[in-house]
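To start, the structure itself, in structure tokens.
No value in this document is a laboratory result; all are computed from the given coordinates. Bear in mind the structure is a predicted one, so any value in this text is a computation, not a measurement. Don't worry about glycine lacking a Cβ; one is built from the backbone with ideal geometry, like all the others, and counts go over all protein chains shown.
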């Protein structure tokens, strides 16, 4: 009863506009136990990974607070002064939220932080391009997606980080991909939906990388016919849970779980026996999920609790026929992820890439040797032109020194110059980064053999190969 009175008192202060009032309470988290969510008047089911329109940018959305223990009390608006506000994320101490907001229609979306005790809001980013999907990083920085153009003029969303006061803005992804709906794993890495946009649009994937942009690699790819539809959430049971839709059917969102240790080979549908559609999810400290769900197309998304043990949906926590309830987070303290030290050195203009064997494509590659030609060269492709062709060593290894933050693809060639594998996904190397790969394989669950590649006994080959580019430019001019 005492707790309900406190919540009622808290809401009353919001309603009457005492936004500067600081709560004098022994509880340093005055909103603890409340749920904060985005209310959206209309949701377009189409997923647009290049612009983010009507998916991550939710027009006329607003952020509200509700008491999940009392369904009779209406939601309290926290972002009354914004035309649109969405994507709230709670700080690890549960004292703040960050979110993306648009002050007036047509204006740039920026990242803001709200003090949940004083209810004061301050602007973090001052970008000339839209910013969305903020997340707290350990160490006093935040991560977010920002609309960005590459050198070819391709428009997507790159990942950026900055301090909580908006200073020291750093771009951390440089390939022609769109990055959305990021979350932070307990090991300190970033998990983000990524979709290649150039030279053609490909299916979305879950990519994992460090907060400085290094060690970016594939984490999970949906089965054929399915599309990623939400940020991925790591649970205390070592699962990664997300929402996928069926690209050919009714596009109903389904709950999908994968194992942290074997993401590519552990897919399990948690809602396979359920009708209806899921839209977003977050884990509570109890281990259950807060999910946005609707039973039919004629309904709005409501807030429910999903029992991960029994894989069943519990009763509704909040329903509003006028709004969709999405992106719900519980106001409760969370475990702070590890802080990964950065190897990036901006005084360096390159990084190193070692491939152990370009002819390795899985543990069954020896069976394939008699069926396909053996690669003897590797070609590095840039956005506009080839950056060089490198002869590999007898053991198939190659050691490169690559210009930093320059996107490139790799393809392997046989002795006649024919392409064997590739081109692969876009890669970039951060300044001073050291990266290694086993070979041309899919997934990140293969470890290299315990042997020294022949290529490391020599100096790395510099990419781009300037002499090659100069010759090419001369030929074209003639």
Rounded Å value of the spacing that divides the Cα centres of segment 293-325 and segment 101-166: 29 Å
Residue order, fewest to most beta carbons within 10 Å, for 131, 86: 131, 86
Helix 2-15 axis, angle to the chain major axis (alpha carbon atoms, nearest 10°): 80 degrees
Cβ-Cβ FRET estimate between residue 141 and residue 44, R0 fixed at 41 Å, reported to 0.05: 0.80
Full-extension gain in nm, residue 103 to residue 51, via 0.36 nm per residue minus C-alpha separation: 16.8 nm
Helix-only [θ]222 nm of the chain, DSSP H runs n ≥ 4, -39500 (n - 2.57) each, per residue, nearest 500: -2000 deg cm²/dmol
37 °C / 0.692 mPa s Stokes-Einstein diffusion coefficient of the chain, Kirkwood radius on C-alpha pairs, µm²/s: 136 µm²/s
Burial ordering of 348, 38, 84, fewest other beta-carbon atoms within 10 Å first: 348, 84, 38
Principal-axis tilt of helix 466-477 within the chain, Cα atoms, nearest 10 degrees: 80 degrees
Nitroxide proxy distance, nm - points 7 Å out along Cα→Cβ at residue 285 and residue 307: 2.2 nm
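So how do 294-305, 168-179 stack up, highest first, on mean other-Cβ count within 10 Å?
Numbers: 294-305: 17.1, 168-179: 20.9.
My ranking of the peptides, most packed first, is 168-179, 294-305.
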Residues of segment 80-117 with amide N under 17 Å of the 7 Å Cα→Cβ point at residue 126: 103, 108-113
Whole-number percent relative contact order across the chain, with pairs defined as alpha carbons under 8 Å at least 6 apart: 11 percent
